[in-house]
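The values are calculated or read from the model by the stated rules, or taken from the named source; none is laboratory data. Since the structure is predicted, the reported quantities are computational estimates derived from the model, not experimental observations. Cβ sites come from the backbone with ideal geometry, for glycine too, and all protein chains shown count toward neighbours.
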Amino acid sequence: MKLSELIKNIKIKDIINDKETEITGISYNSKTIQKGEIFVCLKGENTDGHDYAKMAVENGASALFCEKQLDLDVAQVIVESTRHQIADLAAAFYGYPSQKINLIGVTGTNGKTTVTHLIQRIIEDANHKCALIGTLGYKLSGKDTYHDAKHTTPQAPELQKTFKMICDNNIDYVAMEVSSHALEQNRVGCCDFNGAVFTNLTQDHLDYHITMNNYFEAKALLFKGLKSGGFAVINNDDEYAQRFKSVVPNGVTIYTYGIKNNADITASNINFSIHGAKFDCVVNGITKKVNLQMNGMFSVYNALAALTAGIAAGFDADICIKALEETKSVDGRFEIVNKKPLVIVDYAHTPDGLSNVLKAARELTPKGSNLICMFGCGGDRDATKRPKMGKIAEEAADIVVVTSDNPRSEDPQLIISDILAGIKTVNTQKVYVEPDRRTAISMLKNIAKENDVVVLAGKGHEDYQILKDKTIHFDDREEARKVFITNEHVNV
């Protein structure tokens with residue numbers, strides 16, 4: 001593609017040198033750039049891509065997408081913000097692929113991964129092809145293999161390239177997790193969303209957004225950008241529900257779901273067992289029985305979100321409900337890895353997420369038995385949630401084991417100290433501390449009795465642990481199976 005054609009719909013400040021340079025791709029990594037690609041000079045928190053432009057040119061870049069003129073003899077497109085306009089560049093290069101698919105975005109603090117998986121199942125059971133993009137990577141319709149996407153919502157060039165591949169495979173729907181970072185950084189710029197789903201908004205990522213209002217404003221961008229004729233699905237029980245409704249543009253239909261408040265689709269008479277959640281669901285005034293294989297009140301909310309999205313997209317309610325009932329838990333989301341004791345692995349890594357999973361686990365804890373919670377908090381992330389999560393764990397569980405999560409560059413002991421600041425008890429039989437996560441899981445063998453319930457929270461599906469100087473292989477599920485060796489291992 002000629003450079004002049006690539007930028008014809010992009011707002012630029014200036015263009016220097018050859019407009020007819022041939023562009024073969026887009027890159028923002030000076031080390032891996034290929035010959036003929038345009039190099040985007042992204043400004044990050046610690047680095048500035050403009051400083052690597054010379055290396056990019058030496059490695060084959062045929063043009064630069066930058067915010068200032070550089071002393072390099074190569075075509076240069078000067079724009080106001082490379083970070084916010086890389087999406088325009090990527091969408092143009094790949095031919096605006098999201099315009100050719102039905103794109104449904106799911107955003108919220110918790111539940112995004114499960115809801116997108118449920119939406120995909122609903123759409124495919126309705127005889128349409130649906131791809132998935134999110135925390136676990138991206139997955140094409142009808143495939144079981146995930147491809148690593150590195151971020152919950154990929155950077156714009158990878159995202160638009162994935163959309164193009166989806167179009168080339170004649171897939172007509174995409175269910176995509178949309179993170180607040182991606183929205184604020186405009187990674188999803190030039191994405192045509194047919195629908196948006198809001199799960200909930202609770203404390204997370206305040207190391208980045210600073211305030212809950214900023215966090216809300218980032219999430220709200222998904223709904224503000226919906227096109228006329230689209231739909232917005234909103235959790236009517238969430239305290240931010242009204243604010244999300246207020247930003248939805250005219251011409252977009254709002255659908256609500258909930259348990260506590262009046263909504264278009266509701267659930268009542270909810271019961272939990274080791275086999276899952278059962279409830280009555282009211283759809284268009286008609287009560288329908290739902291039997292989920294997933295557990296916990298949060299799973300009921302996730303199912304309602306997906307069901308409402310399915311109905312908003314025009315699918316039959318009975319098909320939607322049947323799809324929900326046939327879906328097992330998503331990897332690392334309230335995943336049962338052993339029966340006696342009942343060992344549950346969950347991705348919960350926020351105060352609200354931890355509270356929800358422990359409430360769900362308490363429902364499964366026999367009278368007279370203990371609910372045991374093992375968790376840590378990630379390093380280089382919002383530190384204010386650490387004592388809050390310590391307090392939640394102490395109040396919700398009978399026994400707490402505090403350990404490491406992904407400490408990154410921080411000292412694990414200091415992270416643990418922050419967590420312990422929220423714990424009041426000094427009872428050493430109630431609270432254990434073990435910085436090494438593998439050792440902490442091993443300790444549980446001697447702490448948990450046969451009828452106890454153990455929750456390993458924080459890492460879920462992750463099969464790695466990020467330390468100060470390296471990333472190692474580590475999977476809570478693998479480690480738990482090594483420790484709790486019985487003949488009754490189960491994955492549900």
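Return yes or no: is residue 109 under 10 Å from the mean Cα position of the chain (by Cα), of a type in the set (Ser, Thr, Tyr), assigned by TED's automatic domain parsing to the domain that holds residue 298 and not in a loop (DSSP other than H, G, I, E, B)? Answer is no for this residue. If you go through the stretch 29-59 and pick out every residue that is touching a helix residue (DSSP H, G or I) at 6+ places or on another chain (Cβ under 6 Å) and among the small types (Gly, Ala, Ser), you end up with 1. Restricted to the stretch 461-481, and to residues there that are part of a helix (DSSP H, G or I) and free of Cβ contacts under 8 Å to residues at least 60 places away in the same chain, the residue that is surrounded by the fewest Cβ atoms within 10 Å (Cβ to Cβ) is 478. Annotation note: of 342, 292, 307, the sole residue that is at pLDDT 95 or above, assigned by TED's automatic domain parsing to the domain that holds residue 442 and surrounded by 15 or more Cβ atoms within 10 Å (Cβ to Cβ) is 342. Within the stretch 117-130, identify whether any single residue is of a type in the set (A, V, I, L, M, F, W, C), in a strand (DSSP E or B) and closer than 27 Å to residue 25 by Cα, and answer yes or no. Yes: one or more hits. Of the helices (runs of 4 or more DSSP H) lying entirely inside the stretch 201-317, those containing at least 2 residues that are free of Cβ contacts under 8 Å to residues at least 24 places away in the same chain are 212-224, 241-247.
Take residue 430 and decide whether it is in contact with a helix residue (DSSP H, G or I) (Cβ under 6 Å, 6 or more places away or on another chain), in contact (Cβ under 8 Å) with a residue 12 or more places away in the chain, closer than 23 Å to residue 343 by Cβ and basic (Lys, Arg). No: the conditions fail for residue 430.
Within the set 370, 427, 487, the sole residue that is surrounded by fewer than 21 Cβ atoms within 10 Å (Cβ to Cβ), modelled with pLDDT of 95 or more and polar (S, T, N, Q) turns out to be 370.
Selection of the stretch 11-22 for residues being in contact with a strand residue (DSSP E or B) (Cβ under 8 Å, 6 or more places away or on another chain), touching a residue at least 60 places away in the same chain (Cβ under 8 Å) and farther than 19 Å from residue 54 by Cβ yields 12, 13, 14, 15. One residue alone among 10, 15 is in a strand (DSSP E or B) and either aliphatic (A, V, I, L, M) or not assigned by TED's automatic domain parsing to the domain that holds residue 157 (or both), and that residue is 15.
When the criteria are applied in full, residue 212 fails the requirement of being under 22 Å from residue 91 (Cα atoms) and touching a helix residue (DSSP H, G or I) at 6+ places or on another chain (Cβ under 8 Å). Of the residues that sit in the stretch 162-197 and are of a type in the set (Asp, Glu) and in contact with a Leu (Cβ under 9 Å, 6 or more places away or on another chain), which one is farthest from residue 255 (Cα to Cα)? Ranking the qualifying residues of the stretch 162-197, first place goes to 184. When the residues of the stretch 50-91 are filtered to those that are in a helix (DSSP H, G or I) and modelled with pLDDT under 95, which remaining residue is nearest to residue 27 (Cα to Cα)? Result: 83. Of 366, 412, 407, all but one fail to be over 20 Å from residue 347 (Cβ atoms), in the same structural domain as residue 347 (by TED's automatic domain parsing) and not β-branched (Val, Ile, Thr); the exception is 366. Spot the failing condition for residue 268; the list is (1) in contact with a Gly (Cβ under 9 Å, 6 or more places away or on another chain); (2) more than 18 Å from residue 115 (Cα to Cα), and only one is missed. Looking at each condition in turn, residue 268 falls short on (1). Which residues, counting only those in the stretch 379-415, are of a type in the set (Val, Ile, Thr), surrounded by fewer than 22 Cβ atoms within 10 Å (Cβ to Cβ) and within 25 Å of residue 446 (Cβ to Cβ)? The answer is 399, and nothing else. When the stretch 132-142 is limited to residues that are in a loop (DSSP other than H, G, I, E, B) and closer than 17 Å to residue 164 by Cα, the one that is modelled with the lowest pLDDT turns out to be 141. Scanning the stretch 221-275 for residues that are of a type in the set (A, V, I, L, M, F, W, C) and either more than 20 Å from residue 314 (Cβ to Cβ) or outside the structural domain of residue 304 (by TED's automatic domain parsing) (or both) gives 221, 222, 241, 244, 247, 259, 267, 270, 272, 274. Could you check, for the stretch 167-176, whether at least one of its residues is of a type in the set (Ser, Thr, Tyr), within 27 Å of residue 298 (Cβ to Cβ) and touching a residue at least 40 places away in the same chain (Cβ under 8 Å)? Yes, the stretch 167-176 has at least one match.
Flag set for residue 166, criterion: outside any loop (DSSP other than H, G, I, E, B) and at pLDDT 95 or above.
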